[in-house]
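S.K.: Pasting a structure here, questions to come.
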Amino acid sequence: MNDLISIVVPCYNESEALPKFIEVLDGIIAKMDYADFQVVLVNDGSRDGTREVGERFAAQYPMCVKVVNKENGGHGSAINAGLREASGTYFKVVDADDWIDPDAMNALITFLKETNVDLVLNPFHTVCDTDGSTERNFPLEENKWQQIVYGQTYEMEKLLPDLQDVLQMHSITYRTELLKEHEIRIDEKMFYVDQEYVIYPVPYIRNVAFLPGIVYQYRVATAEQSMNWKNLIKNRDMHGTVLKRLIAYYENIEENLTDVQRQFFLYRCAKMLNTQANIYFMMEQTSQAKAEMIRYEKSVREAD
């Protein structure tokens, strides 16, 4: 590991959004040591000018920016490719149509220089694509979190019951070696694999720290997003497949989990199962939805 943090940017047909993200990255890189920051732009088989935009940026900063051009394999495939190329001690995924706040990123980098914690959690903003409004996402304002001191290291096992709804892709910075050592791989050619990215490493995380800066700016309310209800219905088989793979992962490692970790897995799988049920309820073809729901419930019961 030579760099402090690797920012992996999955890109698919992002020639319009990517320049805005690159502008932010340019401002960050220009103010820091190259050894602090690696950017891996993963061009996931784009058919527009994404490759050219990325390669112009890499030519500007050849010491810390790399473009990986690959066949289309989906978000999980892009993360896997980025992890293979990551040389940073820490690892963060930021999609090309989102962006990061420079000040919060600088604060994160300053902290990472002083720690060896497995997981760092920051709040993130959801930014409405239609009106530009923002909403802070992080429940640390709740009373049960009042004892948390930002920048202090905590044992993951003790906090995991309260982290069930906090662990989200946009809040996470992992220690890279943790992902590589345990061969964390995300399913390819599949939507909704952010759940795998969040859940698969949990059994191996020893400690966690929290920071107040809002690093990730997550765009929402776009018609193309996979979590749009119309797209959830369209891609319901993928959502259901990811849940089954999470269950299979749980079954494979269950005997090595603590009771707290088991409860975390079961809770997150139950939330996904609830979403899968709601997808069927949202379908207009009620007879088809009912038949699919019955089949899916049976398959889940057989799996676990």
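The values are calculated or read from the model by the stated rules, or taken from the named source; none is laboratory data. What you see is a predicted model, and the numbers here were worked out from it, not measured in a lab. Heads up, the Cβs are rebuilt from the backbone with ideal geometry, glycines too, and the neighbour counts pull from every protein chain shown. Accessible surface is based on the protein model in full, side chains and every heavy atom, while ligands, DNA and RNA are left aside. Shrake-Rupley method; radii C 1.70, N 1.55, O 1.52, S 1.80 Å.
S.K.: Once you keep just the Cα pairs under 8 angstrom separated by 6 or more residues, what percentage relative contact order results for region 146-234?
M.R.: Values: 58 pairs, mean separation 37.2, N = 89.
Relative contact order comes out at 42 percent.
S.K.: Can you return the lysines within cross-link range of Lys234? Criterion is Cα-Cα under 27 Å, with same-chain partners fewer than 8 residues away left out.
M.R.: Lys70, Lys189, Lys244, Lys271, Lys290, Lys298
S.K.: Long-range amide H contacts for Phe124: which residues qualify at under 5 Å (H placed 1.01 Å from N, peptide plane, sequence gap of 5 or more or a different chain)?
M.R.: Asn137
S.K.: Something else now. Cα convex hull of region 199-304: mean projected area in nm², to one decimal?
M.R.: Values: hull surface 34.5 nm².
So the Cα hull casts an average projection of 8.6 nm².
S.K.: Follow-up. Expressed as a rounded percentage, what relative contact order does the chain have, with Cα pairs under 8 Å and six or more residues apart?
M.R.: With pairs under 8 Å counted, the relative contact order is 19 percent.
S.K.: Continuing with the same structure: Using a 10 Å cut-off on Cβ atoms, rank the peptides 268-281, 196-209, 82-95 from the highest mean neighbour count down. Let's see the in-between values first.
M.R.: On the way: 268-281: 16.1, 196-209: 18.7, 82-95: 21.5.
Per-residue Cβ counts within 10 Å, averaged per peptide and sorted highest first, yield 82-95, 196-209, 268-281.
S.K.: If I require 30 Å or longer along the helix axis, counting alpha carbons, and a Kyte-Doolittle average no lower than -0.5, what helices from the chain are left? Use full DSSP H segments. Please report the intermediate quantities before stating the final value.
M.R.: Working: long enough: 259-282 (34 Å, -0.11).
Sorted by number, the helices that extend far enough and score high enough are 259-282.
S.K.: I've got another one for you. Charges on Cβ only, +1 for Lys and Arg, -1 for Asp and Glu, centred on the Cα centroid of the chain; of Met190, Thr176, Leu160, which one is farthest towards the dipole's positive end?
M.R.: Of the options given, the answer is Met190.
S.K.: Quick one: which of 8-19, 154-165 comes out on top by average Cβ neighbours within 10 Å, and what's the full order, highest first? Display every interim value, and only then the final one.
M.R.: Numbers: 8-19: 21.0, 154-165: 14.5.
Packing proxy ranking, top to bottom: 8-19, 154-165.
S.K.: Accessible area of the chain with a 1.4 Å probe: how many percent of it is carbon plus sulfur? Walk me through the intermediate numbers first.
M.R.: Values: 6880 of 14620 Å².
Carbon and sulfur together cover 47 percent of it.
S.K.: Can you list the trypsin sites (Lys or Arg not before Pro) in region 1-50 that are in a DSSP coil and have 16 or fewer other beta carbons within 10 angstrom?
M.R.: On the way: sites: Lys20, Lys31, Arg47; in loops: Lys31, Arg47.
Here the sparse-neighbourhood loop sites are Lys31, Arg47.
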